[in-house]
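Student: Below is one structure. I have some questions about it.
The values are calculated or read from the model by the stated rules, or taken from the named source; none is laboratory data. This is a predicted model, so every value here is computed, not measured. Don't worry about glycine lacking a Cβ; one is built from the backbone with ideal geometry, like all the others, and counts go over all protein chains shown.
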Amino acid sequence: MATLWFVIIAIMLTVYVVLDGFDLGAGVIYLIVAKTRDERRLVLRSIGPVWDGNEVWLVAAAGTLYFAFPQLYASSFSGFYLPLMMVLWLLMLRAIGIEFRAHIDNRVWQGFFDVVFSVSSALLAIFFGAALGNVVRGVPLDHEGYFFEPLWTNFKPGPHPGILDWYTILIGVLALVTLTVHGALYVALKTENDLSRRARDIAVMLWPVQLLLTCLSLIATYFVRPHVMTNYGVHPIGVLIPMVVVGSLAVMAWANRQGRAQEQRQSKKEKLAFLGSTLYIMGMLVGVAFALYPVLLPASTEPVYSLTINNSAAGHHGLVVGFIWWIIGTVLTLGYFVFVYRMFRGKVRLEGEGY
């Protein structure tokens with residue numbers, strides 16, 4: 001059951017990054033791709049009905065983590081207290097930027113909330129990437145399973161690192177570029193004409209950067225924590241994960257350039273490019289989970305202090321009962337999301353109210 005819940009939480013976090021990732025990416029490119037007030041309204045309309053629903057997966061994943069692995073939840077939320085507070089503030093500021101802009105008909109205030117929305121989206125992408133980097137690199141856990149990390153020390157990984165060092169910053173930048181591309185492809189898919197073309201051009205321009213950062217991050221990860229390759233050697237099926245990552249990058253490049261060359265088939269190419277970006281994110285996150293298992297949070301001090309599914313899981317009976325309720329809740333959630341996204345399919349228009 002502990003392994004099952006490890007897989008469940010990994011899936012929920014992946015779903016969150018894929019869904020809320022295009023919201024964040026749309027926010028990052030918001031001030032760049034939208035040249036007029038109407039184009040900004042279109043970008044906001046492209047995420048308007050779904051952005052807050054997508055964040056439900058983050059709340060659900062945190063609740064599931066608390067239920068299934070309470071020791072990990074307690075250790076993480078105490079050691080990462082400062083960055084978690086920063087993330088919560090950024091989530092609130094991003095929501096304020098979206099909602100207040102829609103209700104204040106004043107150019108100055110609309111411009112202010114546009115900046116709030118865009119900057120908070122970019123910072124969230126970086127913070128989420130840095131958080132993932134901390135999980136892969138390891139944190140200074142003690143014998144009781146707790147730790148404290150300052151925001152930074154000397155920017156070098158080691159037994160007692162800070163939250164930010166050269167490795168976590170690298171992963172944060174990779175997350176920013178990845179979600180920017182993901183959001184740009186989504187905006188291109190949901191909009192038309194010049195706005196769609198500019199969004200697609202951003203994705204095309206950033207694709208080489210994404211490829212370079214992907215290669216650098218893999219090399220850096222092996223340098224910082226060589227043990228991440230152990231599971232790939234023990235379980236050869238893991239070779240499929242890098243194949244998915246490489247294949248998805250190739251699909252993104254091919255679909256974007258084909259979409260620019262053949263306007264009459266543009267919609268299909270846009271969907272294919274966005275699918276490629278989705279598979280890339282899934283491949284990278286699944287690769288991390290596969291490499292870490294059965295470790296949940298590695299210790300940078302002594303490996304024996306690491307939190308695993310064995311020393312962090314709740315009781316077996318509770319996990320079994322919780323799994324039954326999780327199935328019921330997930331079925332209802334998936335039904336809601338299928339309904340919303342079906343109602344919201346197609347290109348967005350300016351007609352009507354809202355944003």
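Student: Of all residues in the stretch 16-39, which are aliphatic (A, V, I, L, M) and in a helix (DSSP H, G or I)? Walk me through it before giving the result.
Tutor: Step one: filter the stretch 16-39 for residues aliphatic (A, V, I, L, M), giving 17-19, 24, 26, 28-29, 31-34.
Those that are aliphatic (A, V, I, L, M) and in a helix (DSSP H, G or I): Val17, Val18, Leu19, Leu24, Ala26, Val28, Ile29, Leu31, Ile32, Val33.
Student: Still on this structure: Condition first: surrounded by 17 or more Cβ atoms within 10 Å (Cβ to Cβ), assigned to a helix (DSSP H, G or I) and aliphatic (A, V, I, L, M). Now tell me which residues in the stretch 45-86 satisfy that.
Tutor: Hits for the stretch 45-86 are Ile47, Leu58, Ala60, Ala61, Ala62, Leu65, Ala68, Leu72.
Student: Next question, about the same structure. Just a yes or no: is a residue in the stretch 212-224 assigned to a helix (DSSP H, G or I), under 20 Å from the mean Cα position of the chain (by Cα), within 21 Å of Ile29 (Cβ to Cβ) and of a type in the set (Gly, Ala, Ser)?
Tutor: no
Student: Further question: Does the stretch 288-346 hold any residues that are outside any helix (DSSP H, G or I), hydrophobic (A, V, I, L, M, F, W, C) and within 30 Å of Asp142 (Cβ to Cβ), and which are they? Step through it out loud before you land on a result.
Tutor: Residues of the stretch 288-346 outside any helix (DSSP H, G or I): 293-302, 306-308, 313-315, 344-346.
Still in the running and hydrophobic (A, V, I, L, M, F, W, C): 295-297, 299, 307, 313-314, 344.
Val295, Leu296, Leu297, Ala299, Leu307, Ala313, Ala314 - these are the residues of the stretch 288-346 that are outside any helix (DSSP H, G or I), hydrophobic (A, V, I, L, M, F, W, C) and within 30 Å of Asp142 (Cβ to Cβ).
Student: Given the residues Leu13, Leu42, which is the only one that is within 26 Å of Trp326 (Cα to Cα) and in a helix (DSSP H, G or I)? It would help to see each step written out before you state the result.
Tutor: Working: Leu42 fails: within 26 Å of Trp326 (Cα to Cα).
Checking each option against the conditions leaves just Leu13.
Student: Within the stretch 172-228, which residues are within 23 Å of Val244 (Cβ to Cβ) and polar (S, T, N, Q)?
Tutor: Across the stretch 172-228, the qualifying residues are Thr178, Thr180, Gln210, Thr214, Ser217, Thr221.
Student: Please specify each residue of the stretch 107-151 satisfying the condition of being buried (at least 19 other Cβ atoms within 10 Å of the Cβ) and of a type in the set (Phe, Trp, Tyr).
Tutor: Phe113, Phe117, Phe127, Phe128, Phe147 - these are the residues of the stretch 107-151 that are buried (at least 19 other Cβ atoms within 10 Å of the Cβ) and of a type in the set (Phe, Trp, Tyr).
Student: Could you check the stretch 91-106 and list, in sequence order, the residues that are under 17 Å from the mean Cα position of the chain (by Cα) and either crowded, with 20+ Cβ neighbours inside 10 Å or within 22 Å of Ser217 (Cα to Cα) (or both)?
Tutor: Result: Arg94, single match.
Student: Looking for whichever is β-branched (Val, Ile, Thr) and either free of Cβ contacts under 8 Å to residues at least 60 places away in the same chain or within 18 Å of Gly172 (Cβ to Cβ) (or both) here; the options are Val43, Val33, Val50, Val59. Which one fits?
Tutor: Details: Val43 fails: either free of Cβ contacts under 8 Å to residues at least 60 places away in the same chain or within 18 Å of Gly172 (Cβ to Cβ) (or both); Val33 fails: either free of Cβ contacts under 8 Å to residues at least 60 places away in the same chain or within 18 Å of Gly172 (Cβ to Cβ) (or both); Val50 fails: either free of Cβ contacts under 8 Å to residues at least 60 places away in the same chain or within 18 Å of Gly172 (Cβ to Cβ) (or both).
Within the list Val43, Val33, Val50, Val59, the selection yields Val59.
Student: Ok, one more. Kindly provide the set of residues from the stretch 297-318 that are free of Cβ contacts under 8 Å to residues at least 12 places away in the same chain and of a type in the set (Gly, Ala, Ser), ordered by number.
Tutor: Answer for the stretch 297-318, where residues must be free of Cβ contacts under 8 Å to residues at least 12 places away in the same chain and of a type in the set (Gly, Ala, Ser): just Gly315.
Student: Something else now. When the stretch 50-63 is examined, which residues are found to be over 14 Å from the mean Cα position of the chain (by Cα) and closer than 16 Å to Phe117 by Cα?
Tutor: Val50, Asp52, listed by residue number.
Student: Given the structure, is Met284 assigned to a helix (DSSP H, G or I), touching a Gly at 6+ places or on another chain (Cβ under 6 Å) and of a type in the set (A, V, I, L, M)?
Tutor: no
Student: I've got another one for you. Looking at (1) within 30 Å of Ala203 (Cβ to Cβ); (2) free of Cβ contacts under 8 Å to residues at least 60 places away in the same chain; (3) of a type in the set (Val, Ile, Thr), which one does Val321 not meet, given that it meets all the others?
Tutor: (1)
Student: Can I ask one more? Which condition number does Ile11 fail, the rest of (1) modelled with pLDDT of 90 or more; (2) farther than 30 Å from His316 by Cβ being met?
Tutor: (2)
Student: Would you tally the residues in the stretch 167-187 being touching a residue at least 40 places away in the same chain (Cβ under 8 Å) and surrounded by 24 or more Cβ atoms within 10 Å (Cβ to Cβ)?
Tutor: Selection size over the stretch 167-187: 14.
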